[in-house]
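Below: the structure, in structure tokens.
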Amino acid sequence: AKPLFIVLSSFFGWCVPAVADVAGKPRIIDGDTVDIAGQRIRLHGMDAPEASQACEADGKHWHCGQEATWALANIIGRTWVTCVERDKDRYGRVVAVCKLGGSRGPDVGSAMVMEGWALAYRKYSKDYVGADEVARAAAKGLYRGLFVPPWERLLRVHPPSPAAHELLTRHSRGNTRQ
């Protein structure tokens, strides 16, 4: 009986996907995060400003983070999305590619980057670099003015310790010796 259990367990283990799709009507958290039925999902390959982030255009401050959040809400509308997990982030959120109306629908992250409301997050993926370049050339969304990339803003809001700052500075100059 034991060998049969091991064989069946191995067989069914291969049949069960390692990651599950999450589908439903999302609640928009900010420009790069949604919630579906209590599951927080960070959109893969892109980074949008936090809802509270401000930018500058035509010499005036504007709430670009709030506009990015609204842009995501407009892209999704009342449509259900299907999200396929790619990873987990350091906060334990699912990082996923989400598509409108099902797995063959338009890519939500691509649409956000193409419209300039999110940036290709090159540190983690090259998937949306082309879309980012199109948005930049057309001065769409964030690119219509001045902004701090979302990943740099986090360092400014939560600066590293003096020792970590020194290490980062040495690393950016190419001198990694201690």
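The values are calculated or read from the model by the stated rules, or taken from the named source; none is laboratory data. Note that the structure is a prediction, hence the values are computed from the model and not measured. Cβ coordinates were reconstructed from backbone atoms using ideal geometry, including for glycine residues, and neighbour counts include every protein chain displayed. SASA here: full protein model, heavy atoms, side chains in, ligands and nucleic acids out. Shrake-Rupley method; radii C 1.70, N 1.55, O 1.52, S 1.80 Å.
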Could you list, in sequence order, the residues of the range 51-93 that are in a loop (DSSP other than H, G, I, E, B), within 24 Å of L142 (Cα to Cα) and either open to solvent by 100 Å² or more (accessible area, probe 1.4 Å) or β-branched (V, I, T) (or both)? D58, H63
Please determine whether any residue of the range 27-42 is within 11 Å of the chain's Cα centre (by Cα) and of a type in the set (D, E). yes
Test for G102: is it at pLDDT below 95, in a loop (DSSP other than H, G, I, E, B) and open to solvent by 20 Å² or more (accessible area, probe 1.4 Å): no
Given the conditions (1) outside any loop (DSSP other than H, G, I, E, B); (2) without any contact (Cβ under 8 Å) to a residue 60 or more places away in the chain, every one holds for G116 apart from (1)
For the range 107-150, name all the residues that are surrounded by fewer than 17 Cβ atoms within 10 Å (Cβ to Cβ), closer than 19 Å to E50 by Cβ and in contact with a Phe, Trp or Tyr (Cβ under 8 Å, 6 or more places away or on another chain). K123, G145
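Scan the range 119-142 residue by residue and report those that are part of a loop (DSSP other than H, G, I, E, B) and within 16 Å of D32 (Cβ to Cβ). It would help to see each step written out before you state the result.
As a first pass, look at the range 119-142 and keep what is part of a loop (DSSP other than H, G, I, E, B): 121-128, 138-140.
Across the range 119-142, the qualifying residues are Y121, R122, K123, Y124, S125, D127, Y128.
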